[in-house]
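What follows is a single structure, written as structure tokens, with notes after it.
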Amino acid sequence: MALVPAFEIGVWNAWIFMSCFILQMLAVMLSGKRVWQRSGHPADVKKHNNEKRAGTIGNAVWGLATLYSIFLPLKMGTLWFFIGFPIFFLGVMMLAIATADFAVAPSESPITQGIYAFSRHPMYLSSFIIYIGTGIATASWVFLVLGLTNIFWVRTEARVEERYCLEKYGDFYRNYMDRTPRWLGLPRAG
């Protein structure tokens, strides 16, 4: 990894990897009005001021990382790329599966099936994996720092969603939380 990050426009840059988020958003939009409406925070979600700030910072970091990815060359043919690409690909596959599970889940209950049986927040987890894989595939410490910074926003968003689901779904969601890890793991009996 170079101390001074690369900064050049090119076809084979990290934007190719980051475009997975735009494609995922398009897939949700094209899945229908019910899925699109469910994809954002509900109007009745309550966020504290520090949670709102974390959301603003998280969106800014995502925007900065996406903008930077346009100028960040992939290190094709290097060990960095051969290590980073499988990590990125794992993240993309998780994101695709989580999006599909999200799209087919009924609107009136929390999503607990499919990949959501192994992680309460597979989309957030997959985005973190995508950031890390991209950072490695580009050998960019700057991109890795942006990815690691994103953890704080993701943790905050996960807690907001869990608090909302506890209020809305009560014991059903509490039982789901008891048996399903926040990030990743095998479901616990219960």
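No value in this document is a laboratory result; all are computed from the given coordinates. None of the values given here were measured: they were computed from a predicted structure. In this analysis, Cβ positions are derived from the backbone assuming ideal geometry, glycine residues included, and neighbour counts consider all displayed protein chains.
Gain on full extension, evaluated as 0.36 nm per residue between Leu90 and Thr66 minus their Cα-Cα distance, stands at 6.7 nm. Over the chain, the ratio between the Cα radius of gyration and 2.2 N^0.38 Å evaluates to 1.08. Highest mean packing comes first when the peptides 121-128, 103-110 are listed by Cβ atoms within 10 Å, giving 121-128, 103-110.
The gain in end-to-end length when the Ala158 to Arg179 segment is fully stretched comes to 5.9 nm, 0.36 nm per residue minus the alpha carbon separation. Exposure proxy for Ile129, Ile16, Ile9: other Cβ atoms within 10 Å of each Cβ, ordered fewest to most, give Ile9, Ile16, Ile129. With a Cα cut-off of under 23 Å and a minimum spacing of 8 residues unless on different chains, the lysine pairs in the chain number 4. Summed over qualifying helices (DSSP H, 4 residues or more, each -39500 (n - 2.57)) and divided by its residue number, the chain shows a 222 nm mean residue ellipticity of -22000 deg cm²/dmol.
When +1 charges are put on Lys and Arg Cβ atoms and -1 charges on Asp and Glu Cβ atoms, the dipole computed for the chain relative to its Cα centre reaches about 300 debye. Based on Cα contacts under 8 Å between residues 6+ apart, segment 14-109 shows a relative contact order of 52 percent. Close amide H pairs (under 5 Å, H built 1.01 Å from N) link Leu74 with Asn13, Ala14, residues at least 5 positions away or on another chain. Relative contact order of segment 86-190, taken over Cα pairs closer than 8 Å and 6 or more residues apart, is 32 percent. The calculated FRET efficiency for the pair Leu166 and Met25, based on their C-beta separation and a Förster distance of 25 Å, comes to about 0.40. Between Trp12 and Lys33, the C-beta separation translates, for a Förster distance of 41 Å, into a calculated FRET efficiency of about 0.65. Evaluating 6.51 cos²θ - 1.76 cosθ + 1.60 at θ = phi - 60° for every residue in segment 63-79, the Karplus couplings come out as x, 5, 4, 5, 4, 4, 4, 5, 9, 10, x, 6, 8, 4, x, 9, 4 Hz, glycine and proline recorded as x. Comparing Cα centroids, segment 97-118 and segment 15-66 end up 17 angstrom apart.
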